[in-house]
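Since every read-out is calculated from the coordinates, none of them should be taken as a lab result. Being a predicted model, the structure only gives us computed values, none of them experimental. Cβ coordinates were reconstructed from backbone atoms using ideal geometry, including for glycine residues, and neighbour counts include every protein chain displayed.
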Amino acid sequence: MAAIEIDSVVKTYAGGVTAVRGVSVTIPDGAFAVLVGPSGCGKSTILRMVAGLEAITAGEVRIGGRRVNELDPADRDIAMVFQNYALYPHMSVRDNLSYGLRNRRVARDEIARRVAAAADTLQIGALLDRKPRALSGGQRQRVAMGRAIVREPAAFLFDEPLSNLDAKLRVQMRAEIRQLQRRLGTTSIYVTHDQQEAMTMADTLIVLNGGRIEQVGAPLGVYRHPATTFVAAFIGSPPMNLLSARVEGGRVLLEGAEILAVAGLADGPVTVGIRPEDLAPGASAPDPAVAFELAVDYVEELGNGRLVHGRHAGQEMTVAVAADVALGDRLALAAGRDRLHLFDSASGRRLAA
Amino acid sequence: MKRTIFGNRLLPWFLLAPQLAVTAVFFLWPAGQAVWQSFLRQDAFGFSTTFVGFANYGALFADPFYRNALQVTAVFAVTVAALALGVALILAVAVDRMIRAAPAYTTLIVWPYAVAPAIAGILWWFMFNPTIGILAYGLKQWGYRWDHLLDAGDAMMLVVIAAAWKQVSYNFLFFVAGLQSIPASMREAAAIDGAGPVKRFFTITLPLLTPTTFFLLVVNVVYAMFDTFPVIDATTEGGPVQATTVLVYKVYMDGFVGLNLGSSAAQSVVLMGIVIFLTVMQFRYVERRVNY
């Protein structure tokens, strides 16, 4: 059990490519932190630097208050679950689980006890004598988890562990991993590119882009108050609508119509964000700030609702609606003042509240 | 497996015919000839031929020189395979650890494979030549009098080195490919699991290379037993006192030099039996003993 502190960490590869550009974040003891971002954002690199599989160019990583930059992976008291599980194919499940303990010269009966306990927890007791190739994807995933928990490490590191599973199993394993982590109370860092996985699993959501942190916070906080247009567009499905608007004399104008009066904003371009589900048909929103008509281009039927894609004054938008909508319809929409997000057009940073 | 249905029943046979013809003319026919010849006794000028049944085989296994050749072959094949595999594995592991210059080293290490066996033999023969050889000279400085013309051990060492040197390239390529097919995450997982580099090599890398190693072992033994004729012919010519006369070389000596065609044919048939056995072993085991 330990907090993980990542302090101004930089990673520059031998070829001169900088993957991580000064990342600082503290993951409190027992928390489940999710690093999320598009591919190439540096999330796996950060995880591998915490694990010790990648050298840290600058900055410091501390696990339980202890600087680990110079330590071998084996001495950092961490366990890692890999995307391809990395089970040892020539060993039985039992040997896979006990390999790390045998290397550390744990007593034989202690190994047996821990392997049995882990197998019991993950319900893989019947598989102990099988080789990995005789297991299904989900079972391999459990064995990989088991290999992490038998070690009883200070931290778990997950590198996109569910991306090789089918959609249904992924949702199930997501819940299992989270329950297991809650019960064990082990600090965890989980890397994924799937924002939905990140939202559902995280205590602390860390959104990365281009080797930098865009935002850190509880999932709901990040969802409700995205700090940048990148986060706004990345977190949430379908993504937030981002519309170009202008500020003139303290008023935000969208296509010439005032939608919001905001004090203290300089004149110039501004980006207005509205989530698809915050746009309600008709003028039903209380205190409507935006009201406009949407020309419907196409409709995605989801069963429990539908996503309507259309245009308003040349800007593309997506709206989630419950009612039936036909192609070519014009849809009257409104959104409440409190549901609007304002971003600086140039920097993408959030403005005001 | 993809299945193609031919409209005409003869077409597939027609398409296979060239390959079947080559196999029949160059492999099956000579092999049949050898089997038939091994039951005959012929005088040196080919004027009279007698059917003698298994007499050639009987004489063969009673012959102390033949039993010596069997033993020499066993020692030679095992040593060549062990040396060629060991050196190739060390080189492959070294190259696998390199990040940048790996292709350049790979190319250099593969070069010997392009050298004709007889030339490789001569090359080493020169370097070990007791009179003018640089390596023999070096050994003399160390106080060892190298003489493969007189010393049976030195002669064996020479042909083993010359034969293994060529095969290292081949083994190296397979080992590099085998090492690179082991996912990096496997070794990383082992590193996190507390296994040091040496332990990782012996508990993870080497077991995962078993299929490659086994395949190469059979290939190397076959190579040492059958393809090293030029190396031996160009260096020691089987000597001194038959110390480097392996089975293939004896087939040649008895048949083409000694003109004892019946015995030579019987020896060929024995060799054929050995190679068939090795091939069957290979197919059975490589299919089954693959570790994962």
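Would you mind ranking A:H312, A:H225 by Cβ crowding within 10 Å, fewest neighbours first?
A:H225, A:H312
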Original post:
the stretch A:61-114: D in µm²/s via Stokes-Einstein (Kirkwood Rh, Cα pairs, 4 °C, 1.567 mPa s)?
Top reply: 99 µm²/s
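Compute the Rg/Rh shape ratio of the stretch B:53-183: radius of gyration over Kirkwood radius, all on alpha-carbon atoms.
My calculation of the ratio gives 1.10.
Please give the FRET efficiency for B:D151 paired with B:A116, using the beta carbon to beta carbon distance and R0 = 30 Å, rounded to the nearest 0.05.
For B:D151 and B:A116, the calculated efficiency is 0.65.
Over chain A, what is the relative contact order in percent, taking alpha-carbon pairs closer than 8 angstrom and at least six residues apart?
Working: 742 pairs, mean separation 56.1, N = 353.
It comes to 16 percent, rounded to a whole number.
Compute the FRET efficiency between A:A107 and A:D72 as 1/(1 + (r/R0)^6), taking r as their Cβ-Cβ distance and R0 = 30 Å, and round to the nearest 0.05.
Computed FRET efficiency for A:A107 and A:D72: 0.85.
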Original post:
In whole percent, what relative contact order does the stretch A:169-279 give with Cα contacts below 8 Å and a gap of six or more residues?
Top reply: 16 percent
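Per the helix-only calculation at 222 nm, which mean residue ellipticity applies to chain A, given -39500 (n - 2.57) for every DSSP H run of n ≥ 4 and division by its residues, nearest 500 deg cm²/dmol?
One gets -7000 deg cm²/dmol as the mean residue ellipticity at 222 nm.
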Original post:
How would you classify chain B from its alpha-carbon gyration tensor, with a ≥ b ≥ c the square roots of the eigenvalues: rounded for a/c under 1.5, else prolate if a/b is greater than b/c, otherwise oblate?
Top reply: oblate
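Can you classify the stretch B:1-124 as rounded, prolate or oblate using the Cα gyration tensor, where a ≥ b ≥ c are the square roots of its eigenvalues, rounded means a/c under 1.5, and otherwise it's prolate if a/b beats b/c and oblate if not?
Taking the square roots of the gyration eigenvalues as a ≥ b ≥ c, the stretch B:1-124 is oblate.
Throw me the Rg/Rh for the protein assembly as shown, computed over C-alpha atoms with Kirkwood Rh, two decimals.
Working: Rg = 36.7 Å, Rh = 31.4 Å.
Taking Rg over the Kirkwood Rh, I get 1.17.
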Original post:
Between A:L169 and B:V257, what FRET efficiency comes out of the Förster formula 1/(1 + (r/R0)^6) with R0 = 60 Å and r the beta carbon distance, rounded to 0.05?
Top reply: 0.25
Original post:
In whole Å, what three semi-axes, largest first, describe the equivalent ellipsoid of the stretch A:8-51 built from its Cα gyration tensor (square root of 5 times each eigenvalue)?
Top reply: 21, 12, 9
Original post:
If contacts are Cα pairs under 8 angstrom and at least 6 residues apart, what is the relative contact order of chain B in percent?
Top reply: 27 percent
Original post:
Hey, how many Å between the Cα centroid of the stretch A:1-77 and the Cα centroid of the stretch B:132-182?
Top reply: 48 Å
**OP:** Apply the Debye scattering formula to the stretch A:199-302, with a single equal point scatterer on each alpha-carbon and no solvent, then give log10 I(q)/I(0) at q = 0.14, 0.18, 0.21 Å⁻¹.
**Re:** -0.71, -1.05, -1.21
Subject >> Ratio of the Cα radius of gyration of chain A to 2.2 N^0.38 Å, where N counts its residues >> reply: 1.18
**OP:** Provide the per-residue ³J(HN,Hα) series for the stretch B:58-65, in order, calculated from phi with Karplus coefficients 6.51, -1.76, 1.60 and θ = phi - 60°, each as a whole number of Hz, with x at glycine and proline positions.
**Re:** x, 4, 4, 6, 8, 7, x, 5
Subject >> Zero-based 5 Å bins, Cα pair distances in the stretch B:51-128, whole percents >> reply: 3, 11, 11, 15, 15, 12, 10, 8, 6, 4, 3, 2, 1, 0
Subject >> Pairwise centroid distance, computed over Cα atoms, of the stretch B:231-282 with the stretch A:172-202, Å >> reply: 67 Å
**OP:** For the stretch B:116-122, just list the computed ³J(HN,Hα) in residue order, Karplus coefficients 6.51, -1.76 and 1.60, θ = phi - 60°, integers in Hz, with x standing in for Gly and Pro.
**Re:** 4, x, 5, 5, 4, x, 4
Original post:
Using only Cα atoms, what is the ratio of the radius of gyration of the stretch A:42-150 to 2.2 N^0.38 Å?
Top reply: 1.17
